[in-house]
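> Questions regarding the structure given below will be posed in turn.
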Amino acid sequence: MESAGLWMLLAVAVLMVTTGLPAYMVLIGVASLAATIGVLAGEIPIRLLQAVPTRIIGLLESDLLQALPLYVLMGVLLDRLPLADIMFRAGVRLGDRSAAAPTMTALGLGALLAPMSGSVGASVAALGRTIHPRLIAAGVPADRSLATICVASTFGVVIPPSLVLILLGDAMLRAHTEALNISRKVERIINTQDVLYGALVPAGLFLLLCLGLAWFLARHDPAEHRTRLAPVRGRDWLIAGFTVTAILGLLAAVAIGYLYAVEAAAAGGVALFLFGTASGALRGRVLAAALRDVMAVTGALFALFVAATTFTLVFRTFGTDRVLDQIIGQLPGGAVGSTLIVLGLIALCAFVLDAFEIIFVIIPVTMPPLLARGPDAIWVATLTLLALQASFLVPPIGYAIMMARGATSPAVPLARLLRAILPFLAVQLLVLTLVAALPASTRLIGRGLSAETLRSTTVPPGAAVRSLNDALPQPPED
């Protein structure tokens with residue numbers, strides 16, 4: 001029954017598309033049914049399933065997961081507070097002489113706020129509610145405004161230290177560890193900080209190209225925003241300047257390793273809460289509603305995590321990971337070809353799954369056999385982020401596209417939205433192609449890591465353990 005795990009994946013895909021049930025319910029249901037069948041058929045020992053609670057508790061002790069509710073809190077507070085509106089008006093005012101100021105400001109806000117919002121869906125909802133109407137008021141055509149919101153909402157996938165990027169880094173660490181166990185290689189295991197460094201240059205390049213494209217598309221538009229937006233007062237300038245400085249400081253501190261993600265998220269959450277309390281924006285029902293949203297989103301994410309952990313345990317108990325390893329090993333093109341094909345499959349999954357569902361379910365079962373073939377783990381992680389971001393922008397079923405069209409009213413015709421978003425999608429594919437062709441681009445920033453440093457060397461079984469024992473201090477001889 002080694003192929004049972006593949007049937008589990010197929011059942012999950014069909015049920016999620018046809019039933020509309022939450023992902024955690026589908027995963028738990030399919031895993032429970034498959035485990036019951038496996039026990040009755042004698043393929044799964046019942047004592048192995050008794051390890052599920054211990055496995056879940058062990059994984060929940062991860063420090064990174066402590067940052068999850070804090071990032072959700074920051075995203076909810078940013079959505080409830082008027083900071084986005086103030087920063088947008090200040091940014092437009094700074095570029096008052098340029099017709100591209102509204103769209104460029106919106107993209108800049110996406111780069112600042114999307115990493116704090118937690119997910120693409122949350123970013124679309126927040127930017128669609130606060131920035132889209134103001135883009136329209138500033139004279140930006142509705143189709144280009146919505147395309148800008150879609151692109152800005154995906155910045156949280158690739159710009160550190162977004163929650164998506166942090167969780168993917170943790171998932172890649174686990175996958176890389178399993179890959180080394182499979183291949184019996186000695187190699188430095190990547191960590192979340194390595195993934196942050198790897199994504200910095202591609203993310204910065206994509207942001208700069210999007211800003212340049214926004215300026216090019218709007219260079220002949222009339223500068224109507226001067227009279228259609230509320231004025232920026234002295235207090236607004238102070239709030240906007242302090243907020244931008246604080247967010248950039250937190251992002252930079254995490255990116256360079258000065259602060260852990262948990263510390264930065266806690267500092268950001270406290271600062272936003274104090275600002276909301278002092279300004280009177282977080283009182284009574286507003287605060288209660290914000291806290292309910294935080295608990296609901298956090299609960300849903302942890303439920304998804306527990307369900308995905310249970311699903312992958314049953315998946316591997318059937319031995320399907322060995323079948324998947326053989327399938328990936330037979331893909332054409334060697335390690336590079338296998339990498340591109342697996343990334344293509346992940347991008348297809350992003351049409352129906354959120355980034356969290358892909359990280360918790362798809363990455364743990366596809367990455368270990370792929371990384372065991374030897375491709376650069378940091379390069380693969382960066383390509384995964386870029387592939388996810390691109391898939392979210394592909395009309396008509398890209399996740400950001402569907403969310404943005406549902407969150408804005410009136411809806412922009414799909415044909416017009418397609419024409420508006422194609423230039424940004426072309427820029428995204430250009431960055432993805434450059435990174436795929438130049439793996440060294442993911443190592444331009446970091447702690448001096450190079451392909452030579454992480455080059456793997458096959459060793460006999462037990463040699464790594466012996467080397468570790470030799471490095472330990474020995475007891476004194478009598």
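All of the numbers you see were taken from the coordinates with simple rules; none came from a lab. All values derive from a computational prediction rather than experimental measurement. Positions of Cβ are backbone-derived with ideal geometry, glycine not excepted, and every protein chain shown enters the neighbour counts.
> Within 10 Å, count the other beta carbons around each residue, average over each peptide in 196-204, 155-163, 21-29, 280-288, and list them highest first.
On the way: 196-204: 23.6, 155-163: 27.3, 21-29: 18.8, 280-288: 12.3.
Descending mean neighbour count gives 155-163, 196-204, 21-29, 280-288.
> Follow-up question, since we're still on this one. Any idea what angle helix 83-94 forms with the longest principal axis of the chain, computed on alpha-carbon atoms, 0 to 90 degrees, nearest 10?
The helix 83-94 is inclined about 60 degrees to the chain.
> Restricting to DSSP H runs of at least four residues, report the calculated mean residue ellipticity at 222 nm for the chain, -39500 (n - 2.57) per run over all residues, nearest 500 deg cm²/dmol.
Details: 24 runs with 346 residues, N = 478.
-23500 deg cm²/dmol, from helical runs alone.
> Averaged across orientations, what area in nm² does the convex hull of the alpha carbons in the range 122-182 project?
Numbers: hull surface 20.4 nm².
Across all orientations, the range 122-182 yields a mean hull projection of 5.1 nm².
> For the chain, what is the relative contact order in percent, using Cα pairs closer than 8 Å and at least 6 residues apart in sequence?
Values: 645 pairs, mean separation 125.5, N = 478.
RCO, the chain: 26 percent.
> Tell me, what is a quarter of the convex hull surface for the C-alpha atoms of the chain, in nm² with one decimal? Working shown, then result.
Working: hull surface 108.2 nm².
Convex hull of Cα atoms, orientation-averaged projection: 27.0 nm².
> Expressed as a whole number of Å, what is the distance separating the alpha-carbon centroids of the range 249-280 and the range 66-135?
Distance between centres, Cα-based: 16 Å.
> Give me 87, 74 ranked fewest to most by other Cβ atoms within 10 Å of their Cβ, as a rough exposure proxy. Display every interim value, and only then the final one.
Details: 87 24, 74 30.
Placing the least packed residue first, the sequence is 87, 74.
> Express the Stokes-Einstein translational diffusion coefficient of the range 1-110 in µm² s⁻¹, to the nearest whole number, given a Kirkwood radius over alpha-carbon pairs, 37 °C and a viscosity of 0.692 mPa s. Walk me through the numbers before you get to the answer.
Values: Rh = 18.9 Å.
D, rounded to a whole number, is 174 µm²/s.
> Could you state the principal axis extents of the C-alpha atoms in the range 24-83, from the largest down, to the nearest angstrom?
Principal-axis extents of the Cα atoms in the range 24-83, largest first: 59, 24, 10 Å.
> Within 10 Å of each residue's Cβ, count the other Cβ atoms and sort 61, 178 from fewest upward. All intermediate terms of the calculation are to be shown ahead of the outcome.
Details: 61 9, 178 18.
With the sparsest Cβ surroundings first, the list reads 61, 178.
> For the range 127-260, restrict the atom set to alpha-carbon positions and state the Rg and Dmax in Å.
Rg, Dmax (Cα atoms, Å): 19.9, 66.
> A follow-up question, please. With just the Cα atoms of the range 272-417, tell me how far they stretch along each of the three principal axes, in Å, largest first.
Per principal axis, max minus min of the Cα coordinates gives 60, 41, 26 Å.
> Kindly give Rg over Rh for the range 58-124, based on alpha-carbon atoms, with the Kirkwood expression for the hydrodynamic radius.
Working: Rg = 15.3 Å, Rh = 13.4 Å.
Across the range 58-124, the Cα-based Rg/Rh ratio is 1.15.
> With all distinct Cα pairs included, what does the Kirkwood hydrodynamic radius of the range 102-146 come out to in Å, to one decimal, could you say? Show your work: numbers first, answer last.
Details: mean 1/r = 0.0948 Å⁻¹.
After inverting the pairwise mean of 1/r, the radius is 10.5 Å.
> What net charge is computed for the residues neighbouring residue 128, neighbours being all others with C-beta under 12 Å from the C-beta of residue 128, Lys and Arg scored +1, Asp and Glu -1? Write out the running numbers ahead of the final one.
Values: positive: 129, 134, 405; negative: 79.
Summing Lys and Arg as +1 and Asp and Glu as -1 gives +2.
> I've got another one for you. If you build the convex hull over the alpha carbons only and average its shadow over all orientations, what do you get for the range 353-410? Give it in nm² to one decimal.
Numbers: hull surface 17.9 nm².
Mean shadow area of the hull around the Cα atoms is 4.5 nm².
> Moving to a separate point now. Over the range 324-400, what is the relative contact order in percent, taking alpha-carbon pairs closer than 8 angstrom and at least six residues apart?
Numbers: 64 pairs, mean separation 32.4, N = 77.
Dividing the mean separation by the residue count of the range 324-400 yields 42 percent.
> Take each of the peptides 47-59, 338-350, average the number of other beta-carbon atoms within 10 Å over its residues, and list them starting from the highest. Spell out each step's value before the answer.
Numbers: 47-59: 12.5, 338-350: 18.5.
Answer by packing, highest mean first, reads 338-350, 47-59.
> I need to check one value: relative contact order of the range 1-117, counting alpha carbon pairs closer than 8 Å and at least 6 residues apart, in percent. Write down the numbers at each step before the final one.
On the way: 44 pairs, mean separation 22.1, N = 117.
This gives 19 percent for the range 1-117.
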